[in-house]
Amino acid sequence: MTQRAPQQTKAPIVRRRYLPSLGSFATFEVAAKHLSFTLASQELNVTQAAISQQIRALEKALGAQLFLRKHNALDLTQEGQTLLRAVTMGLDALAQAAEQIGQAADDRTITCAGTNAAITYWFRPLTQRFCLSHPDTRFVLLASDENETLSNLEEVDLALVCGRDRRSLGEDVTPLFPESVEPVCSPDYLSQVGPIAASDQWAHMDLLELHRMHWTSEAISWHPIGWEDWLRDKAPGVEMPVPTLTTNNFATLMEAALDGAGVMLGWRHLVQDALDSGKLVRMSGGALDSGRMYHLKRNRARRTTPRIDAFAALLSEQGLGSQEG
């Protein structure tokens, strides 16, 4: 009689389709790490109520309590500790796989963030210069005046940020150059009005001004600096004329100056490229320092490559040049 081969015991099927969302597990890990819904909400940039709601939904889906809610404190239940170990291992494995898959492309890609003006007039010209020596480099330039979320995105390698005593300096944030503005205009406009021989001539200039709305966006949100400030410091006693053009968009202001519509206050790092090319020229009067500093913020959570180090060095070198200019 022929003997049957022993049947192999099948491993139990994990019904992954019935698992809660991956996002809820990630939220749980952050909350469990901090043992605080408040700190978890700050790290994930969502409300505390949203964290609580996700955790309650996860507990309901799993049919188990994950946290012991005490007075002003949280602790993990036994089920919570078991889940934390599994979630940590799973997310680490996913992160490692994603890094391995994207490593080849990432080695050539540098992601930068800043305000609209910084991306257009500072980062972009420097990316072109960098590509002359690193022609296979790919850049992702993220611009926003809405808020500072971009500088904190996980994918961002380098960000230009500004402020006064708002940031802790260290290996992640290093000073580049002070915020400095000076009058600039097109060569044609300067030839029309001639050099400024006396300060009272400023009362008759065609001034191009940034609207105060520009300064109220969350990505900027600091005290404005404009013609009134510059005239008070450089031409005291001169009554400020009504600007020929006022706009909350720096690019519009820049285009008006390039077209010869008048004189604008140029942020040194934003107009340097136009000055070097001769498209803009300095008018007399000098620069006004606001007291704020621009900083280069590096994302140390991202991988560091020789290419990113080289571009960061170029940005720092340009920062020193801005101070000397």
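The values are calculated or read from the model by the stated rules, or taken from the named source; none is laboratory data. As the structure is a computational prediction, the values presented were derived from the model and not from experiment. Here the Cβ positions follow ideal geometry from the backbone for every residue, glycine too, while neighbour counts run over all protein chains shown.
For segment 284-301, what are the residues that are buried (at least 16 other Cβ atoms within 10 Å of the Cβ) and not in a loop (DSSP other than H, G, I, E, B)? Before the answer, list the steps.
Residues of segment 284-301 that are buried (at least 16 other Cβ atoms within 10 Å of the Cβ), as a first pass: 285, 287-288, 290, 292-299.
Within segment 284-301, L288, S290, R292, M293, Y294, H295, L296, K297, R298 meet the criteria.
Could you tell me which of the residues L62, L66, L35, L58 is touching a residue at least 24 places away in the same chain (Cβ under 8 Å), on the phi > 0 side of the Ramachandran plot and more than 27 Å from the chain's Cα centre (by Cα)? Give the derivation first.
Numbers: L62 fails: on the phi > 0 side of the Ramachandran plot; L66 fails: on the phi > 0 side of the Ramachandran plot; L58 fails: on the phi > 0 side of the Ramachandran plot.
From the options L62, L66, L35, L58, the qualifying one is L35.
If you check F67 against the conditions, is it farther than 30 Å from E146 by Cβ, touching a helix residue (DSSP H, G or I) at 6+ places or on another chain (Cβ under 9 Å) and modelled with pLDDT of 90 or more? Steps first, please.
Values: farther than 30 Å from E146 by Cβ: yes; touching a helix residue (DSSP H, G or I) at 6+ places or on another chain (Cβ under 9 Å): yes; modelled with pLDDT of 90 or more: yes.
Yes, satisfied.
Tally time: how many residues in segment 54-64 are surrounded by 14 or more Cβ atoms within 10 Å (Cβ to Cβ) and out of contact with any helix residue (DSSP H, G or I) (no Cβ under 8 Å at 6 or more places or on another chain)? Write out each step before concluding.
In the first step, residues of segment 54-64 are kept if they are surrounded by 14 or more Cβ atoms within 10 Å (Cβ to Cβ); the result is 54-55, 57-59, 62, 64.
Narrowing further to those that are out of contact with any helix residue (DSSP H, G or I) (no Cβ under 8 Å at 6 or more places or on another chain): 59.
The total comes to 1.
Between residues in segment 222-244 that are over 16 Å from H204 (Cα atoms) and residues that are charged (D, E, K, R) and part of a loop (DSSP other than H, G, I, E, B), which pairs lie under 8 Å by C-beta distance while being six or more apart or on different chains?
W222/R164
What's the number of the only condition in (1) at pLDDT below 95; (2) assigned to a strand (DSSP E or B); (3) in the same structural domain as G266 (by TED's automatic domain parsing) that V161 fails to meet?
(3)
Kindly indicate which of T47, T111, T115 is of a type in the set (V, I, T) and either touching a helix residue (DSSP H, G or I) at 6+ places or on another chain (Cβ under 6 Å) or not assigned by TED's automatic domain parsing to the domain that holds R298 (or both). Full working, then the answer.
Numbers: T111 fails: either touching a helix residue (DSSP H, G or I) at 6+ places or on another chain (Cβ under 6 Å) or not assigned by TED's automatic domain parsing to the domain that holds R298 (or both); T115 fails: either touching a helix residue (DSSP H, G or I) at 6+ places or on another chain (Cβ under 6 Å) or not assigned by TED's automatic domain parsing to the domain that holds R298 (or both).
One residue alone meets the criteria, T47.
Sort out which residues of segment 244-283 are among the β-branched types (V, I, T), part of a helix (DSSP H, G or I) and buried (at least 22 other Cβ atoms within 10 Å of the Cβ), and write them in order of number.
Going residue by residue through segment 244-283, those that are among the β-branched types (V, I, T) are 244, 246-247, 252, 263, 271, 281.
Next, only the ones that are part of a helix (DSSP H, G or I) stay: 252, 271.
Result: V271, single match.
V46 is checked against (1) assigned to a helix (DSSP H, G or I); (2) modelled with pLDDT of 85 or more and fails just one. What number does that condition carry?
(1)
Take the residues of segment 69-87 that are without any contact (Cβ under 8 Å) to a residue 40 or more places away in the chain and closer than 21 Å to L39 by Cβ: which is surrounded by the most Cβ atoms within 10 Å (Cβ to Cβ)?
Pass one, segment 69-87, residues without any contact (Cβ under 8 Å) to a residue 40 or more places away in the chain: 69-73, 77-79, 81-82, 85-86.
Imposing the further condition that a residue be closer than 21 Å to L39 by Cβ reduces the set to 69-73, 77, 81, 85.
Values: R69: 12, K70: 8, H71: 4, N72: 6, A73: 9, T77: 14, Q81: 12, R85: 10.
Only one residue fits best here, namely T77.
When D136 is evaluated against the numbered criteria (1) closer than 22 Å to D172 by Cα; (2) part of a loop (DSSP other than H, G, I, E, B); (3) out of contact with any strand residue (DSSP E or B) (no Cβ under 6 Å at 6 or more places or on another chain), which criterion, by number, is the only one it fails?
(1)
When L315 is evaluated against the numbered criteria (1) assigned by TED's automatic domain parsing to the domain that holds C131; (2) on the phi > 0 side of the Ramachandran plot, which criterion, by number, is the only one it fails?
(2)
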